[in-house]
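Accompanying notes for the structure given below.
The values are calculated or read from the model by the stated rules, or taken from the named source; none is laboratory data. All values derive from a computational prediction rather than experimental measurement. Neighbour counts run over all protein chains shown; Cβ positions are idealised from the backbone, glycine included.
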């Protein structure tokens, strides 16, 4: 196993982009049927008659898919210690079947925990962008990441 | 169809509780495999060796399940116009297989949109409680709900 990313490997202001990922109609309908069965997430005609203007993914589906892309982009290679929660989520544009989405994540700031010097707090903004570069969702949260050298920090 | 709940039917300070819902090991592992394949959400031993102290649901799974309970509790009977996002989520305690969860939602405050008098903004706190009444997740957000009588509001 290659060595994991630690707190020291994250730099404020750093911006990374992921490979694109296409969301399918089947994924949208399947998630909605289980977790958010509002008609505009299940049916074209209901979507057209809603404020979404067409079938679109549940906002919670977009959150979950974004986390999967965050996992693939860096969490899987990181000495993560979890996250206490989410600071903010903004659902900016409808996510349509067939849309090709790219993750952009930005390190906003970072600090070492005062009470637990082995734990770093890295605050990030994560966005999913459509093919034209417009953000469809934006999320801010703090990830807990292990410090490689607590003595040196 | 019975008449839908509108903005006027929500009262600041109102607290409602749902029927309990049990989360299963199969649901936890299935969600994690698709959206959050961190080992502590997939495997007992990995969970024990993590900060969660045992197999526990992905925080995003808890969010999605809570929304399903919110849907069943009132959204399905409400003239909802969607939600712009989430103000805050706090993951407070691990969500274990077999846990019986109850939704508690509180109306924090409400107002009619200045620019769109047919749209109300109802700010709510939603929590899932375990069998002992302790919150495992807490979320605050604003739901857009249609005003029944925009002239009167």
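Structure values in brief
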read-out	value
Breaking point among (1) assigned to a strand (DSSP E or B); (2) surrounded by fewer than 21 Cβ atoms within 10 Å (Cβ to Cβ), for residue B:124	(2)
In region B:32-63, the residues that are within 8 Å of chain A (Cβ to nearest Cβ) and exposed (fewer than 15 other Cβ atoms within 10 Å of the Cβ)	B:51
Count of region A:46-64 residues which are farther than 14 Å from residue A:94 by Cβ and at pLDDT below 95	0
For residue A:22: the one exception among (1) away from every other protein chain (no Cβ under 14 Å); (2) modelled with pLDDT under 95	(2)
Hits in region B:127-153 (condition: free of Cβ contacts under 8 Å to residues at least 40 places away in the same chain, outside any strand (DSSP E or B) and surrounded by 15 or more Cβ atoms within 10 Å (Cβ to Cβ))	B:130, B:150
Within region A:104-116, tally of residues that are farther than 20 Å from residue A:15 by Cβ and either under 13 Å from the mean Cα position of the chain (by Cα) or not in a loop (DSSP other than H, G, I, E, B) (or both)	1
Residue tally, condition without any contact (Cβ under 8 Å) to a residue 60 or more places away in the chain, in a loop (DSSP other than H, G, I, E, B) and within 7 Å of chain A (Cβ to nearest Cβ), over region B:67-103	1
Search result, residues across region B:11-55 that are in contact (Cβ under 8 Å) with a residue 12 or more places away in the chain, assigned to a helix (DSSP H, G or I) and under 24 Å from residue B:70 (Cβ atoms)	B:25, B:27, B:28, B:29, B:31, B:32, B:35, B:41
Which listed residue, of B:15, B:29, is more than 14 Å from chain A (Cβ to nearest Cβ) and within 27 Å of residue B:82 (Cβ to Cβ)	B:15
The one condition in (1) modelled with pLDDT of 95 or more; (2) farther than 23 Å from residue A:61 by Cβ; (3) not in a helix (DSSP H, G or I) that residue B:8 fails to fulfil	(3)
The lone exception for residue B:76 - which of (1) in contact with a strand residue (DSSP E or B) (Cβ under 9 Å, 6 or more places away or on another chain); (2) within 24 Å of residue A:37 (Cβ to Cβ) it fails	(1)
